[in-house]
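Remarks on the structure that follows.
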Amino acid sequence: MTSGPSASDGRRDHAESPFRVASFTSIASHLSPPFYFQEGSLLTFALSIVLLVLLCIVLVPVLVLLAQVLLAMLPLRAAALAPGPRPRLAVLIPAHNEEAGLLATIASLRPQLCAGDRMLVVADNCHDRTAAVARSAGAEVVERTHAQLRGKGYALDFGVQALAAAPPEVVVIVDADCIVGDGALARVAGLAVQHHRPVQALYLMHTPAGSGPLKKIAQFAWIVKNKVRPLGWFRLGWPCQLMGSGMAFEWETMYAARLATGHIVEDMKLGMDLALAGSPPMFCPDALVHSYFPTSSEGVQSQRTRWEHGHLSMIASTVPPTLLAAVRRASPSLFAFGLDLCVPPLALLVLLVCSLTGLSLLLAWFGGPVAPLALGILAGAALGAAILMAWWRHGRAVLSGKGLALAAVYVVAKIPLYVRFLFQRQVAWVRSKRDSE
């Protein structure tokens with residue numbers, strides 16, 4: 001008599017089947033950590049401490065950014081300008097091979113000049129018709145040539161020396177590829193004299209027509225850096241960084257400044273020097289200066305490399321002494337300036353938070369402490385909230401929601417730039433390639 005298959009036969013057939021699905025227990029056994037990652041091991045403890053320290057460091061700029069974004073959400077109250085005649089000024093335009101865009105810059109400035117004002121173009125190491133174009137447009141021109149000492153700082157110093165024979169009350173620096181908004185000169189010059197501080201106009205970059213979503217993300221990142229963040233600190237009366245164009249200085253401040261350097265972010269360094277000297281820059285959001293990102297990939301790459309390598313070098317070398325000086329002087333304004341300086345480029349900040357949170361998740365998976373993971377999640381949530389609020393209030397006009405969703409691609413694409421900072425850092429000033437070249 002033949003009996004049916006027994007339960008034991010079924011279990012044996014199932015066990016011998018080549019298509020059986022591995023149980024969760026067998027998967028977990030394969031993923032169990034080595035003995036040196038076991039909970040309570042010395043290495044696990046050391047890694048958790050390292051991650052906690054790094055996350056605490058990164059959390060500082062994240063919270064600074066979040067605070068600035070929240071403050072920038074408040075209604076804008078422009079600084080009041082005292083009544084009276086506008087100070088006599090000189091517009092100083094450093095220019096290196098800028099014949100293509102210089103006429104538009106001069107055209108935006110000329111209607112804002114009054115009797116007694118000057119407009120001086122420094123044609124620095126030019127190989128084109130920059131000097132001739134400037135003269136034809138009615139600007140004063142001085143020409144400088146030096147094979148070794150190259151860079152914007154040297155051009156500015158040369159221009160200041162040229163102005164010294166008949167110094168103005170205020171010097172306004174405008175890059176040769178920028179357009180200055182109506183009334184901006186009077187606004188920044190008046191505030192510089194009124195408050196006896198350098199004044200920085202709102203300096204924005206636009207993308208050329210037909211630009212793709214990644215360039216729109218770059219434009220949004222620029223808005224966060226040059227508009228949202230300084231606007232937040234402006235709400236509390238705290239200073240901003242100098243941004244390179246649309247900067248106004250009283251003559252005594254400009255003449256005494258150490259300009260003749262080849263620093264690749266000479267504007268940021270000048271702002272820090274002035275802040276340490278007790279004259280921190282002031283933001284003027286209702287005076288507008290704008291320019292355009294290059295259309296060529298080579299121009300964009302050289303521009304980003306100079307800005308971001310210079311910024312990161314400044315963070316490493318100047319943030320700690322600036323914060324210490326602020327503590328010694330009991331100066332909240334200087335401390336706020338140092339905190340603002342410690343915020344790295346937005347893409348790098350996202351990379352740091354994501355990388356450290358991912359490592360913390362891996363450590364927790366292998367039985368390590370969950371405290372680093374909790375701190376990483378907190379940092380990620382704060383950073384995500386700051387970016388979304390900044391985009392909602394200030395970025396929707398330039399970047400759609402679909403475009404913002406591609407931010408991860410933009411961040412990953414910038415990894416080689418940050419790797420080069422570690423192994424092939426740019427230290428010499430290099431002018432960005434213009435579209436006309």
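Residue-level analysis places residue 82 among those that are surrounded by fewer than 20 Cβ atoms within 10 Å (Cβ to Cβ), in contact (Cβ under 8 Å) with a residue 40 or more places away in the chain, closer than 30 Å to residue 337 by Cα and more than 31 Å from the chain's Cα centre (by Cα).
When the criteria are applied in full, residue 60 meets the requirement of being among the aliphatic types (A, V, I, L, M), in contact with a Cys (Cβ under 9 Å, 6 or more places away or on another chain), modelled with pLDDT of 95 or more and within 24 Å of residue 316 (Cα to Cα). Tell me, please, whether a residue that is free of Cβ contacts under 8 Å to residues at least 60 places away in the same chain and part of a helix (DSSP H, G or I) can be found in the range 278-294. Within the range 278-294, none of the residues are free of Cβ contacts under 8 Å to residues at least 60 places away in the same chain and part of a helix (DSSP H, G or I).
Test residue 104 against the stated conditions and say whether it is touching a strand residue (DSSP E or B) at 6+ places or on another chain (Cβ under 8 Å), surrounded by 22 or more Cβ atoms within 10 Å (Cβ to Cβ), over 29 Å from residue 232 (Cα atoms) and among the small types (Gly, Ala, Ser). No; evaluated as a whole, the condition is false for this residue.
Among the residues of the range 330-337, none qualifies, meaning not one is more than 22 Å from residue 66 (Cα to Cα), buried (at least 17 other Cβ atoms within 10 Å of the Cβ) and touching a residue at least 40 places away in the same chain (Cβ under 8 Å). If only residues of the range 232-281 that are touching a strand residue (DSSP E or B) at 6+ places or on another chain (Cβ under 7 Å) and farther than 19 Å from residue 343 by Cβ are counted, the one that is surrounded by the most Cβ atoms within 10 Å (Cβ to Cβ) is 248.
Every residue in the range 96-115 that is assigned to a loop (DSSP other than H, G, I, E, B) and either among the acidic types (Asp, Glu) or under 18 Å from residue 187 (Cα atoms) (or both), please. Passing the criteria: 98, 99, 113, 114, 115.
Checking every residue in the range 353-375 against the condition of being of a type in the set (A, V, I, L, M, F, W, C), within 25 Å of residue 285 (Cβ to Cβ), touching a residue at least 24 places away in the same chain (Cβ under 8 Å) and buried (at least 22 other Cβ atoms within 10 Å of the Cβ) gives zero matches.
Screening the candidates 214, 242, 270 for the property of being in contact with a helix residue (DSSP H, G or I) (Cβ under 9 Å, 6 or more places away or on another chain), in contact (Cβ under 8 Å) with a residue 24 or more places away in the chain and part of a loop (DSSP other than H, G, I, E, B) yields one hit, 242. May I ask you to list the residues in the range 386-403 that are closer than 22 Å to residue 60 by Cβ and exposed (fewer than 15 other Cβ atoms within 10 Å of the Cβ)? Within the range 386-403, 388 is the sole residue that qualifies. Before we move on, is residue 208 over 18 Å from the mean Cα position of the chain (by Cα), of a type outside the set (A, V, I, L, M, F, W, C), over 17 Å from residue 406 (Cβ atoms) and crowded, with 18+ Cβ neighbours inside 10 Å? Judged against the criteria, residue 208 is not a match.
For the range 141-177, a tally of residues being surrounded by fewer than 16 Cβ atoms within 10 Å (Cβ to Cβ) and either in contact with a Leu (Cβ under 6 Å, 6 or more places away or on another chain) or in a helix (DSSP H, G or I) (or both) returns 1.
The values are calculated or read from the model by the stated rules, or taken from the named source; none is laboratory data. Bear in mind the structure is a predicted one, so any value in this text is a computation, not a measurement. Quick reminder, even Gly has a Cβ in these numbers, built from the backbone with ideal geometry, and neighbours come from all protein chains shown.
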